[in-house]
Structure formats: structure tokens, C-alpha cells
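Visitor: Got a structure here, written out as C-alpha cells. Questions coming.
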Amino acid sequence: MHVRATARAHANIALAKYWGKADPEQNLPAVPSVSVTLDALSTQTEVQFDDALEADELTLDAVRVQGRGLKRAARLLDEVRAMAGSKSFARITSHNSFPTGSGLASSASGFAALALASMAAAGLPIDRAMASDMARRASASAARSIFGGFVRLEAGAPGQRTLAASPIAPAGHWDIRVVVAVTSLGPKRVGSTEGMRHTASTSPYYGPWIEMSRGLADRVQKAILDRNLVALGEAAEHSALSMHACAMASQPPLVYLEPATLACVEAVRRLREQGVQAWVTIDAGPHVKVLTSPEQAARVAEHLASVPGVLRTIESRVGQDASVEVTEA
Ligand code: 2P0
């Protein structure tokens, strides 16, 4: 009988953004990225291999997943099977603590949890670098969710075989807060993989974006190591808005920002004018994540909740490493 493994991984928010691939086939990023792991947003995933199954089965938030979602998970399991020398299919049950596919980084925590749980269920030793590399092949941002605290994923080179994220500093290094303003519950309009492909092939700003990305990642990393919230906030905002400017200059344009997104950007700017330390970052979706201090997080959350179009706010601390437990089935 096969064992059952249950993994929990947290979402992460890139403070220096990943946008663009050096090698789409190997899913290697074209730019370095730096993230903070979020305690409040997580995915729990249970994996059990079963010789009686004729295909992998995936249930996400109590709904059976078929098609592309299942295929992406099965591809990760194929790699785990190849590594473990196994042919059994698996039953995967997963739960997100936040809306799936809405730009709240569900693929990051989802594939990180799936990589850890499937490796453990297949009896492979739990090596975090290996799990991060495995997760990266499914979704590059997932490589970062294997680790807690502050994490960096380097750019890859075409044809490179492995690439794992590595921790910059653990969660205890610096108590900062991220307030998420949820502006929509539906799935995002253009997925990240497709959005990056479109940007790379049509945006005149893709080249300059690639050129500036290393400097941005280094600036973000230094601000984290120095525990300098002003420097971090300014660099993170610059990275996010540069990424969106690059995407928006694509043809046809790729616009993830919605009226509520921009209303939040303006609200945060006004808060700063009143002396509040708060900066925005925005991923490939309409939600806004605001970087702030523990002392100011409640005020930021209250202010964002009053912005038209904001459905709810989630306040998060810095999250810990992903974890996995194995039980006899
Ligand atoms: C990031 N994003 O660094 C950036 C910022 C979205 C905007 O990583 O194609 O789902 O699966 O490797 O990891 C989202 O992209 O993309 C992402 P794939 P992924 O967090």
C-alpha cells in the first residue's frame, strides 16, 4: 500500500517581478525575481499513489478538475514518477485558502504543495532545492513558495536543466505586513504564461524590462537585508508598475489593471502623503497588495476596504517554509 503525503505551502508575492521566459520549453525565467512568502494565503495538498487508478485524479476545492488544470498537475507527477521509477497514478486533493485562479498566486502555492506532497508520497527524499526545481517546471513562481521568508529565483539560461529558488532571509528576519485588497472573484482574463509570451513577442519595452530586471532584484534584495521599508517599497512599486507598463505596451494591449486597482494605487499614494509607510505591488490580475509595517497595517486595511470595488482585504504576515507530512494510508 502506498503512503499518503500532505503538504502545505504559502503563496508568495514577488517584490521584484518575474515576467518573461528565457526558455519556454524548460520554463526558465528570463529575469531574476525576489519574493516574500505570505502566511495568510496557503494551499494544502494531499497526494496518494494508487496502483488501481488508470489516470491521475485532481480535486481542487471539492471540484474535480479536468482538461488543462489536470494536465499541468499530471506533467509534474510524470517528472516525480520518472525520478522515483514508478508507474502508479495518483489521487490529488487540494484546498486553497483564497480564490483560485484570480491572480492571488494560487499556482505558486499550489504547485509548491504538489511538488512536495508528490515527492514525499513517491518515497523520494525531501530535498528543498529539488522540490523547488520540480515546482519551477510547473510554474516558475512556485519555486519560491517552497521557502518561507524572503526568497530569490535567478534568471535561467536557455537549455539549462535545473533551477531552484533560494532563501535570502527567514521569516523571522523582518516583521513586515502585506495587505491584499481583493477586487474580483473571477479568474483572470489572460493567464501569466500566455501574457508573458504575448509581451515578449509584441512589446517594445520587453528588451528594456529584461535589462532593468537584475538591478531591480538587487535593489529589492538589499532593502530586505537592510530592513529598509522605504527602499523596499519604492523598488517593489517600480518593479510592479514597470512590468505592467511593459505588458500594456503589447499589441493588442495586455491590461490587468481595473478601475478598482487604480483606485487602490491612488488611495495608497494618499496614505503616503499622510505619513503612512505603504507601497503597492500588482501581479497578473486586478488585486492590489500593499506592503506596510505591523504598526500601520490595520489603518492601511481599513482605508483599502473603503475604496470602491474592493470586496475584502486580507492582512498577512511573512510566512514560513512549506511543510510536508507522511502518513500510512
Ligand atoms: C511573479 N507572476 O513574479 C510574477 C509577477 C505574475 C506577475 O510569476 O508561466 O504562474 O507558470 O511560470 O509562475 C505568475 O507566473 O507563470 C508570476 P508560469 P507563473 O510572481
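Visitor: Only one of 141, 184 is within 18 Å of the chain's Cα centre (by Cα), assigned to a loop (DSSP other than H, G, I, E, B) and either touching a residue at least 24 places away in the same chain (Cβ under 8 Å) or surrounded by 22 or more Cβ atoms within 10 Å (Cβ to Cβ) (or both). Can you tell me which?
Guide: On inspection, the qualifying residue turns out to be 184.
Visitor: Could you say which residue among 193, 162, 202 is β-branched (Val, Ile, Thr), away from the ligand (no atom under 13 Å from the Cβ), over 30 Å from residue 51 (Cα atoms) and out of contact with any Pro (no Cβ under 6 Å at 6 or more places or on another chain)?
Guide: Being β-branched (Val, Ile, Thr), away from the ligand (no atom under 13 Å from the Cβ), over 30 Å from residue 51 (Cα atoms) and out of contact with any Pro (no Cβ under 6 Å at 6 or more places or on another chain) holds for just one of 193, 162, 202, which is 202.
Visitor: Hey, another quick one. Are there any pairs with C-beta distances below 7 angstrom linking a residue in the stretch 93-116 that is more than 14 Å from residue 191 (Cβ to Cβ) and at pLDDT 95 or above to a residue that is among the small types (Gly, Ala, Ser) and in a loop (DSSP other than H, G, I, E, B), with the two at least 6 apart or on different chains, and if so which?
Guide: Listed pairs, sorted by first residue: 109/145; 112/145; 112/322; 113/322; 116/322.
Visitor: Now a separate question. Assuming residue 90 fulfils every condition listed in (1) within 16 Å of the ligand (Cβ to nearest atom); (2) small (Gly, Ala, Ser); (3) part of a strand (DSSP E or B) apart from one, which condition is it?
Guide: Single failed check for residue 90: (1).
Visitor: Inside the stretch 226-329, counting only helices (runs of 4 or more DSSP H) that do not spill past its ends, which hold 1 or more residues that are of a type in the set (Ser, Thr, Tyr), closer than 29 Å to residue 135 by Cβ and out of contact with any helix residue (DSSP H, G or I) (no Cβ under 8 Å at 6 or more places or on another chain)?
Guide: 259-273
Visitor: Filter the stretch 1-59 down to the residues that are over 22 Å from residue 242 (Cβ atoms), of a type in the set (Val, Ile, Thr) and either in a strand (DSSP E or B) or at pLDDT 95 or above (or both) and list them by number.
Guide: Listed by number, the residues that qualify are 6, 37, 43, 45, 47, 59.
Visitor: Okay, next question. Is it the case that some residue within the stretch 294-309 is under 19 Å from residue 15 (Cα atoms), surrounded by fewer than 17 Cβ atoms within 10 Å (Cβ to Cβ) and at pLDDT 95 or above?
Guide: Yes, there is a match, as at least one residue in the stretch 294-309 is under 19 Å from residue 15 (Cα atoms), surrounded by fewer than 17 Cβ atoms within 10 Å (Cβ to Cβ) and at pLDDT 95 or above.
Visitor: Still on this structure: Of the numbered conditions (1) outside any strand (DSSP E or B); (2) within 25 Å of residue 232 (Cα to Cα); (3) away from the ligand (no atom under 15 Å from the Cβ), residue 77 satisfies every one except a single condition; which is it?
Guide: Going through the list (1) outside any strand (DSSP E or B); (2) within 25 Å of residue 232 (Cα to Cα); (3) away from the ligand (no atom under 15 Å from the Cβ), residue 77 breaks only (2).
Visitor: I'd like to check something: does the stretch 237-246 contain any residue that is within 16 Å of the ligand (Cβ to nearest atom), touching a residue at least 12 places away in the same chain (Cβ under 8 Å) and closer than 14 Å to residue 286 by Cβ?
Guide: yes
Visitor: So which residues in the stretch 8-25 are out of contact with any Leu (no Cβ under 6 Å at 6 or more places or on another chain), more than 10 Å from the ligand (Cβ to nearest atom) and within 19 Å of residue 110 (Cα to Cα)?
Guide: Hits for the stretch 8-25 are 8, 9.
The values are calculated or read from the model by the stated rules, or taken from the named source; none is laboratory data. Note that the coordinates shown come from a computational prediction; the quantities given were computed from them, not determined experimentally. Cβ atoms come from the backbone with ideal geometry, glycine included; neighbour counts cover every protein chain shown.
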